[in-house]
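Rule-based calculations on the coordinates, nothing more; no lab input. Bear in mind that the values here come from a model prediction, so they are computed numbers and not experimental data. We place every Cβ from the backbone using ideal geometry, glycine too, and count neighbours over all the protein chains shown.
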Amino acid sequence: MVESADLLIPAVSAVIGAIVGGGATIISQILTQRGTYKREREARRDAFQTRRFEIERDTLLALQDAVTKHSLTLSSYINGDLPADIRATDTDLLDDWREVVKLAHRVLDRDAAQAATEYCDVAHRAAQDPHGERQNLISAFGKAQQALGAAIRHDPFQPDSGVG
């Protein structure tokens with residue numbers, strides 16, 4: 001009996017050591033993989049956010065250009081002193097209007113989108129009555145450009161900043 005105890009104690013110790021060591025290895029691998037997964041998930045989220053802000057900025061720049069182009073087309077449309085081949089047509093005006101509205105609906109910044117669509121509303125009225133809406137058109141164009149400029153300059157990585 002004493003001989004079997006001499007053999008049993010080292011064998012049991014070895015088995016317990018293997019179980020404890022193996023369990024510790026498994027737990028450390030689980031914790032390491034969990035940390036790696038969290039870091040990779042955060043990196044993917046940050047890359048997504050960065051790409052989203054790049055797309056938003058590109059859309060805002062395109063919208064700013066579209067509002068300016070529409071304004072120039074409207075000016076050419078309502079200027080009766082221009083020769084007929086240089087004047088903008090209804091189709092030109094409508095195409096530019098569609099571009100502004102399309103881009104305004106893609107923009108996440110609601111203030112910039114609203115200012116651009118309000119400009120379109122005033123521009124539509126100005127196409128019907130150029131002299132009566134002149135001051136409103138100038139004001140709406142200025143507000144749209146100001147809102148778009150503010151949205152473009154907006155730092156999306158500020159903690160208190162949200163696309164609004």
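Here are the numbers for the structure shown:
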read-out: Choice from Glu40, Glu133, Glu56 showing the highest fluctuation, given a GNM over the chain with Cα pairs closer than 10 Å; value: Glu40
read-out: Between helix 110-128 and the chain: long-axis angle, C-alpha atoms, 0 to 90°, nearest 10; value: 20
read-out: In sequence order, calculated HN-Hα J values of segment 68-79 (Karplus, 6.51, -1.76, 1.60; Hz; x Gly/Pro); value: 5, 5, 4, 4, 5, 5, 4, 4, 5, 6, 8, 7
read-out: Total charge dipole magnitude, the chain, about the Cα centre, Cβ charges on Lys, Arg, Asp, Glu only, Debye to nearest 20; value: 400
read-out: For the chain, with +1 on Lys and Arg beta carbons and -1 on Asp and Glu, the positive-most of His124, Leu137, Leu7 along the dipole; value: Leu7
read-out: Cross-link partners of Lys102 among lysines (Cα-Cα below 26 Å; sequence separation of 8 or more within a chain); value: Lys69, Lys143
read-out: Loop-located chymotrypsin sites (Phe, Trp or Tyr not before Pro) in segment 60-164, at most 16 other Cβ atoms within 10 Å (DSSP); value: Phe157
read-out: Read-out Rg and Dmax of the Cα atoms in Å, derived from the coordinates shown; its label in (i) 15.4, 43; (ii) 15.2, 46; (iii) 33.0, 120; value: (iii)
read-out: The chain: most fluctuating residue of Thr59, Thr68, Thr32 per GNM, C-alpha cutoff 10 Å; value: Thr32
read-out: CD proxy at 222 nm, helix term only [per DSSP H run n ≥ 4: -39500 (n - 2.57); per residue of the chain; nearest 500]; value: -29500 deg cm²/dmol
read-out: Signed unit charges on C-beta, dipole axis of segment 56-164, positive-most listed residue Leu61, Trp97, Ala147; value: Ala147
read-out: For segment 117-159 versus segment 96-110, the gap between their alpha-carbon centres in whole angstrom; value: 12
